[in-house]
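Notes follow once the structure below has been shown.
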Amino acid sequence: MRRTLYYSSVILLSLFLFAHACVDHQLPGTPPQIETLNFSSGAGKCSVTFNLDVKDVGTIPVKEYGMVYTTTPTGNPRVGNAVVEKDYKQSFPMPLLPGKKSKLNSVSNTCGPFVYYRTYAILEDDSVIYGQEIGFEDI
């Protein structure tokens with residue numbers, strides 16, 4: 001009787017340890033790949049159409065994506081790249097799907113001697129990824 005109880009306990013403990021060791025581990029996801037494309041001139045002096053290309057949507061969900069941009073007045077040095085937290089942004093419609101996208105920005109905040117812009121995507125964990133930056137002068 002004792003022997004049966006001992007073997008039953010060992011088997012039960014082994015099954016418990018085996019089940020606990022088989023926890024499903026989440027594999028890290030891949031972020032989307034977004035490319036900044038050259039802008040197109042809009043209808044007015046200071047309106048532009050921002051263009052981007054979603055090369056791959058990745059496996060990490062995206063909450064928002066679009067274009068972030070900053071302007072620098074004549075004679076002032078540029079300080080860093082455009083970032084979502086402090087510069088102008090133009091969000092594109094969700095969901096994030098592969099292919100080229102365009103959005104007209106007719107707000108006058110793109111009017112200036114130097115404008116720098118790049119694509120962005122805000123991921124589900126609130127981290128931000130960016131595409132390459134492009135600059136243009138005197139629009």
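Condition (residue is touching an Asp or Glu at 6+ places or on another chain (Cβ under 6 Å), open to solvent by less than 60 Å² (accessible area, probe 1.4 Å) and at pLDDT 80 or above) applied to the range 68-76: is it met by at least one residue? Steps first, answer last, please.
Just the residues of the range 68-76 that are touching an Asp or Glu at 6+ places or on another chain (Cβ under 6 Å), to begin with: 68, 70.
Of the ones still in play, those that are also open to solvent by less than 60 Å² (accessible area, probe 1.4 Å) are 68, 70.
From the residues that got through so far, the ones that are at pLDDT 80 or above too are 68, 70.
Within the range 68-76, one or more residues are touching an Asp or Glu at 6+ places or on another chain (Cβ under 6 Å), open to solvent by less than 60 Å² (accessible area, probe 1.4 Å) and at pLDDT 80 or above.
Filtering the range 31-67 down to residues that are of a type in the set (Ser, Thr, Tyr) and at pLDDT 90 or above, which residue is farthest from residue 118 (Cα to Cα)? Explain how you work it out, then say what you get.
The initial filter retains those residues of the range 31-67 that are of a type in the set (Ser, Thr, Tyr), namely 36, 40-41, 47, 49, 59, 65.
Keeping just the survivors that are at pLDDT 90 or above gives 36, 59, 65.
Numbers: 36: 6, 59: 22, 65: 11 Å.
In this case the residue turns out to be 59.
The values are calculated or read from the model by the stated rules, or taken from the named source; none is laboratory data. All values reported here derive from a predicted model rather than from experimental measurement. Heads up, the Cβs are rebuilt from the backbone with ideal geometry, glycines too, and the neighbour counts pull from every protein chain shown. Side chains included, ligands, DNA and RNA excluded: accessible areas come from the protein's heavy atoms. Shrake-Rupley method; radii C 1.70, N 1.55, O 1.52, S 1.80 Å.
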